[in-house]
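Here is the structure we will look at, set down as structure tokens.
The values are calculated or read from the model by the stated rules, or taken from the named source; none is laboratory data. Everything numeric here is computed off the predicted structure, so don't read it as measured data. No Cβ is skipped: glycine too gets one built from the backbone with ideal geometry, and neighbour counts run over all protein chains shown.
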Amino acid sequence: MHVTVVSPEQAVFDGAADAVVAPAYDGQVGILPRHAPFLTLLGTGVLQVRQGSASRRFRVAGGFLQVVGGATPSESWPIAWTRLDRFAHGF
């Protein structure tokens, strides 16, 4: 699936992924390929984008996570938006 992590200034991650785990406002959520459309508020914590055995981690505090349909019904595209002033990546 294709994943984009966006701040108001720029996309900080834009690429393929096998899974996304994110801190939703009311608990952790996991997104896998073929996930149904979904929208939730992000809480505070670590958003993890998994790519095979590697992963990228982003610290978030607010924003939202949305899963939208891709070019075909079997694709899902998680998009996480968070404020840059509350954002740190690569730890």
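Pairs linking a residue in region 41-53 that is within 14 Å of ILE31 (Cβ to Cβ) and surrounded by 13 or more Cβ atoms within 10 Å (Cβ to Cβ) to a residue that is of a type in the set (Val, Ile, Thr) and at pLDDT below 90, with Cβ atoms under 8 Å and 6 or more positions apart or on different chains, are LEU42/VAL60; LEU42/THR82; LEU47/VAL5; LEU47/VAL60; LEU47/THR82; VAL49/VAL3; VAL49/VAL5.
Looking only at region 46-61, residues that are under 12 Å from the mean Cα position of the chain (by Cα) and more than 14 Å from ALA16 (Cα to Cα) come to 6 in all. Scanning region 28-42 for residues that are under 12 Å from the mean Cα position of the chain (by Cα) and part of a loop (DSSP other than H, G, I, E, B) returns a single hit, LEU32.
Across region 54-74, the qualifying residues are those that are in contact (Cβ under 8 Å) with a residue 40 or more places away in the chain and in a loop (DSSP other than H, G, I, E, B), and the one among them that is farthest from PHE13 (Cα to Cα) is SER74. Does region 68-91 contain at least one residue that is modelled with pLDDT of 85 or more and either of a type in the set (Ser, Thr, Tyr) or crowded, with 18+ Cβ neighbours inside 10 Å (or both)? There is no residue in region 68-91 that is modelled with pLDDT of 85 or more and either of a type in the set (Ser, Thr, Tyr) or crowded, with 18+ Cβ neighbours inside 10 Å (or both).
If you check VAL21, VAL29 for being within 13 Å of VAL60 (Cα to Cα), surrounded by 14 or more Cβ atoms within 10 Å (Cβ to Cβ) and of a type in the set (A, V, I, L, M), only one passes: VAL21.
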